[in-house]
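Comments concern the structure below.
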Amino acid sequence: MEDIRRAQGVQKRENNCTYAVLAREELGTQWYPFLKQSISDDSRKGYADICGTIELGMNYPELSGQIRKRNAKKKRKTFSQRLLSKIRG
């Protein structure tokens, strides 16, 4: 089941739904009323990080170094996770 979940990108979809709920709260809209209401602190932090990156992107010429630094950190984390999953088999 975990292989299917990973192949179908279920975690990314769940994150997108969670972020939609947070955006709905932030903007005070009634978008997607069928989505869950309970949001974890980790999801809130992830949403804040994404919003921060978008804000940096809006000011790209002045802040390009900070954006590259954030993205490099994410790539290292993803690489490490893939490596660990191969080791675990």
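The values are calculated or read from the model by the stated rules, or taken from the named source; none is laboratory data. Because the structure is a prediction, the values reported are computed rather than measured. Methodologically, a virtual Cβ is constructed for each residue, glycine included, from the backbone with ideal geometry; neighbour enumeration extends over all protein chains shown.
Worth pointing out:
- Residues satisfying the stated conditions in region 28-53, i.e. at pLDDT below 85, under 22 Å from Gln66 (Cα atoms) and among the small types (Gly, Ala, Ser): Gly52
- Test: residue in region 20-27 that is at pLDDT 75 or above, surrounded by fewer than 10 Cβ atoms within 10 Å (Cβ to Cβ) and of a type in the set (Gly, Ala, Ser): no
- A Cβ distance below 6 Å, combined with a sequence gap of six or more or placement on separate chains, defines the contacts here; from region 13-32, residues that are touching a residue at least 60 places away in the same chain (Cβ under 8 Å) reach no residue that is in a helix (DSSP H, G or I).
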